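Colleague: The structure is given below, and queries will be raised subsequently.
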Amino acid sequence: MKLSIRSIYIAIYLLLAAVMFVLIHFLGVHLISDSLITERKAALYEEASALSKRYFFNVRSINAFDDQTESTLRERMSSLQTMSHARYFLVDGTGRISVDSAEQNSLEGQNFNDLNPTFLDSDTYMGHLNSSYLPKESLSIIYPLSGDHDINGYLVIMTSLKELRISARHLTKSFRICFVLFFLILLFILLELYCLTLHPLRQLSLTIREYSQGHFKTKMKNLPLREYDSLTTAIHNLASSSKNAGAYQKDFVANVSHELKTPLQSIMGSAELIENGLVKPEDMPHFIKNIRTESARLVALIEDIIRLSRLDEGVEIPKTEVDLLNVATETAELLRGNAEAKNVSVKVHGKSAVVFGVDRLIYEIAYNLCENAVKYNIPGGAVDIGVDARKGKALLTVRDTGIGIPKEQQSRVFERFYRVDKSRSKDSGGTGLGLSIVKHAAAYHNAELTLESVPGKGTCVTVAFPLYDGSENAE
Ligand code: ADP
């Protein structure tokens, strides 16, 4: 099962609350009462030390006080008990209590060793003493009283632990209030965080769903965090490119269908006339020629579409070293027949310029450009194919003295099926895909394509390939 961010937030919150509650409720009370006890111990010890210095600085025997001294001591200890909420005992060396500051339930005459045999073993005692007249849990300071370097007795100051524990609980109460406040604030912060992080994600997924259903008009909401900006831009770009791709696909299919339909209709028309015996024998060659020309146009069109779709696939094709001068010379040779038929001269000049690329594609670039330069030329015109190597570039330039292309249409001639003069293109067997193939093949080689043209004067197309310097990473 996949976790949701919301459940993670809730789990973190509850875990934090539980941990904090346990810490404050149990460990907090324990730590506070421990520190109160330590403080109390130190205070009682100091008091015992001060009392002993003042009253018992040279005690020989606890039992050896005269009546007067004993009653003064009792009075003093009783008033100390009232002031400090502690009980005072004077104990002799055997553990017998000779003076008890408490008047009621006095333990005078009893022995601490009977209440707990380990009581006098250390300087503090914490716990239970076996007497119903003493608190259940107590803290005692056992201060030895010495005279002539012998321990003659003890001053015991005893206080109940119950009160200390109650004070500790009181103190943790304030902590608990802080704890509740802290968790309210934390809850608020987590809710804010939730709104800042999860809510926009939900908005984004809703917008993406809209886009995926083709509703590209849906506006992307302005999201609160900067981190979402790049995500929104990426989604926006993706949406626009899929919108364009969809529109482009539609256009392309419509164009292809139209381009295929026209020659097919012409073939069907001629074939029907022949089939129904409506063609005179002397006209027969004309109709048969028409069928052959239209069929050739169909084949050329289908071949161009296949070429383009292969380029669109972007499949990696093996590359070799290709000399543009050889390509130019061979292309000129191939087109010589066409050129002569149109009374157009074709010349090649320049020097060797080597490119690392796909030779078939480079031949296609040269052939399409030169074929256009002949096709859209005037009788008696010229085509000049130049090859040069300059500033890290291998340049192929095809210049003609033909009809030229109007300025506003120059950027459109590389679009699929775009023709400046439809009938002229069709008459000369054009498919409207030649320059589109050139554009894609040039992009495949990272070559720059520039077109300059002046109507009535001619056109010049330059392809600037990266010059091959011997390393395959030359591009
Ligand atoms: P086509 O098969 O029609 O020649 P292209 O894609 O090769 O298709 O060219 C697109 C259009 O650009 C052509 O129909 C033509 O109108 C124009 N064109 C291309 N090259 C030239 C040129 N050298 N001189 C004038 N017009 C040209």
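Colleague: Using only Cα atoms, find the angle between the long axis of helix 227-275 and the longest principal axis of the chain, and express it within 0 to 90 degrees, rounded to the nearest 10.
Modeller: Long axis of 227-275 versus the principal axis of the chain: about 20 degrees.
Colleague: Accessible area per residue of the chain at 1.4 Å probe, in Å²?
Modeller: In whole numbers, the chain has 59 Å² accessible per residue.
Colleague: Residues of segment 451-469 with amide nitrogen under 16 Å from the 7 Å Cα-to-Cβ point of GLU408?
Modeller: Answer for this model: 455.
Colleague: If I model a spin label at LEU278 and SER423 as a point 7 Å from the Cα along the Cα→Cβ vector, what separation in nanometres do I get?
Modeller: Roughly 2.3 nm, to one decimal.
Colleague: Quick one: pull the percent of accessible area on the chain belonging to carbon and sulfur, 1.4 Å probe, ligands and nucleic acids left out.
Modeller: It is 58 percent, rounded to a whole number.
Colleague: Setting aside same-chain residues fewer than 8 positions from LYS243, which lysines have a Cα under 18 Å from its Cα?
Modeller: Correct list for LYS243: LYS217, LYS219.
Colleague: For segment 127-204, would you read off the P(r) tail past 20 Å as a percentage of all alpha carbon pairs?
Modeller: 66 percent
Colleague: How many nm is it between the label spots at GLU39 and SER205, if each spot is 7 Å from the Cα in line with the beta carbon?
Modeller: 5.4 nm
Colleague: Please give the Cα centre distance for segment 1-62 versus segment 307-386, rounded to the nearest Å.
Modeller: When both Cα centres are located, 93 Å separates them.
Colleague: Let me ask something else. For n ≥ 4 DSSP H runs only, could you compute -39500 (n - 2.57) per run for the chain, divide by its residues and tell me the 222 nm figure to the nearest 500?
Modeller: The per-residue figure over the chain is -18000 deg cm²/dmol.
Colleague: Within straight cross-link reach of LYS426, meaning Cα distance under 21 Å, which lysines are found once same-chain residues fewer than 8 apart are removed?
Modeller: Partners within reach: LYS261, LYS289, LYS342, LYS375, LYS439.
Colleague: Ok, one more. Looking at segment 234-357, I'd like the Rg to Rh ratio, where Rg is from alpha-carbon atoms and Rh is Kirkwood's inverse mean 1/r.
Modeller: 1.13
Colleague: Continuing with this model, one more query. Tell me the label-point distance for the pair ALA17, SER240, using the 7 Å Cα-to-Cβ offset, in nm and rounded to one decimal.
Modeller: 4.7 nm
Colleague: Between beta-carbons, use under 12 Å as the cut-off and find the net charge around ALA168, counting Lys and Arg +1, Asp and Glu -1.
Modeller: +2
Colleague: Dividing the alpha-carbon radius of gyration of segment 1-154 by 2.2 N^0.38 Å (N being the number of residues), what value is obtained?
Modeller: Segment 1-154 yields a ratio of 1.57.
Colleague: Just subtract the alpha-carbon distance of ILE24 and GLU303 from 0.36 nm times their residue separation and send over the number in nm, one decimal.
Modeller: 92.3 nm
Colleague: Taking a virtual spin label 7 Å from the Cα of SER352 along the C-beta vector, which residues in segment 316-342 bring their backbone nitrogen under 11 Å of it?
Modeller: 323-326
Colleague: Let me ask you something else. How high is the FRET efficiency from THR197 to ASP123, r the C-beta distance, R0 51 Å, rounded to 0.05?
Modeller: After rounding, the FRET efficiency stands at 0.30.
Colleague: Find the centroid of the Cα atoms in segment 98-162 and in segment 203-266, then give the distance between the two in whole Å.
Modeller: 91 Å
Colleague: In degrees, nearest 10, range 0 to 90: what is the angle between the Cα axis of helix 29-55 and the longest Cα principal axis of the chain?
Modeller: The angle comes out near 30 degrees.
Colleague: For segment 62-106, just run the numbers: alpha carbon Rg, then divide by 2.2 N^0.38 Å, N being how many residues it has.
Modeller: The value comes to 1.11.
Colleague: Could you give me the radius of gyration and the Dmax of the chain, taking only the C-alpha atoms into account and expressing both in angstrom?
Modeller: Cα-based Rg and Dmax for the chain come out at 53.2, 166 Å.
Colleague: What share of all Cα pairs of segment 123-275, in percent, falls into each consecutive 5 Å distance bin?
Modeller: Result, from short to long distances: 2, 7, 8, 7, 6, 5, 5, 5, 5, 4, 4, 4, 4, 4, 4, 4, 4, 3, 2, 2, 2, 2, 1, 1, 1, 1, 1, 0, 0, 0, 0 percent.
The values are calculated or read from the model by the stated rules, or taken from the named source; none is laboratory data. What you see is a predicted model; the values in this text were computed from it and never measured. FYI the Cβ positions are ideal-geometry reconstructions off the backbone, even for glycines, and counts take in every protein chain you see. We work out accessible area using only protein heavy atoms, side chains counted, and drop any ligands, DNA or RNA first. Shrake-Rupley method; radii C 1.70, N 1.55, O 1.52, S 1.80 Å.
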